[in-house]
Amino acid sequence: MKRGRKRGAVLPERTNAHLRLRVNGESREVSFAPHKTLLEVLREDLGLTGTKHGCELGECGTCTVLLDGKPQLSCLVLGLECEDRPIVTVEGLADGPRPHPLQTAFAELGAAQCGYCTPGILCAAKALLDSRPDPTRQEIKEALSGNLCRCTGYIKIFEAVELAARRRRDPGAQPAQEVLHGRRI
């Protein structure tokens, strides 16, 4: 006898969750399948594709967003857990048309090549600077240790975070002179 669904059987209706999410300072009503991660809700249901889809295992950090002001791997959080909690994605870092100082510093110093990891790194770095306005290089390394960059290396990324931190105190701060083999270039 063939197994399977009987003809005319009524399947349980798939129901979506209807929630209010607070994303990038705006309240958004959204309906989605309850099994979706925050990453999937952001990208597929809210059209916020700046948050990147990486390993889905919480190992690469490319999906990092800020949830309650703290870095969170959005691939490991269900959208259902985020109702009425503040969420900031890379799209929410800028102040209107003005990029966030981290975004400016990354662009000035060439701290991104392909850019795939950059949104997650920017969110993790923002959380760091919000809690530690003048971080040491070691603190920057630790804060970004969960974010993998596969193409640039990390020196320019660390320098960009340091520059953004300096510009919080001194908006006219300039990038440090580059040194190659002990000589300034």
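The values are calculated or read from the model by the stated rules, or taken from the named source; none is laboratory data. Because the structure is predicted, anything quoted here is derived from the model rather than measured. All Cβ positions, glycine included, derive from the backbone under ideal geometry; neighbour counts span all protein chains shown. Remember, those area values only see protein heavy atoms, side chains included, never the ligands or the DNA or RNA. Shrake-Rupley method; radii C 1.70, N 1.55, O 1.52, S 1.80 Å.
Net charge near residue 19: determine it from the other residues with C-beta under 15 Å of the C-beta of residue 19, scoring Lys and Arg +1 and Asp and Glu -1.
-3
When the charge dipole of the range 72-185 is built from unit charges on Cβ atoms (+1 for Lys and Arg, -1 for Asp and Glu) and taken about the Cα centre, the candidate among 146, 73, 107 whose Cα reaches farthest toward its positive end is 107.
Residues whose amide H lies under 5 Å from that of residue 17, counting only those 5 or more places away or on a different chain, are 32, 33; hydrogens are built 1.01 Å from N in the peptide plane. The share of accessible area on the chain that comes from carbon and sulfur is 50 percent, using a 1.4 angstrom probe.
If you count Lys pairs in the chain whose Cα atoms are under 18 Å apart, skipping same-chain pairs closer than 8 places in sequence, the total is 8.
Computed from label points 7 Å out along Cα-Cβ, the spacing between residue 108 and residue 142 is 2.7 nm.
A protection proxy built from the mean count of other Cβ atoms within 10 Å ranks the segments 109-122, 34-47, 130-143, most packed first, as 109-122, 34-47, 130-143. Given the -39500 (n - 2.57) contribution per DSSP H run of 4+ residues, what per-residue ellipticity at 222 nm results for the chain, rounded to the nearest 500 deg cm²/dmol? Theoretical 222 nm ellipticity from helices: -7500 deg cm²/dmol.
Assigning unit charges at the beta carbon (Lys, Arg +1; Asp, Glu -1) and nothing else, what dipole magnitude in debye, to the nearest 20, does the chain show about its Cα centre?
Working: 27 positive and 23 negative charges, 137 e Å.
I would put it at about 660 debye.
Using a probe of 1.4 angstrom and keeping all protein chains present, the accessible surface of the range 69-185 works out to 56 square angstrom per residue.
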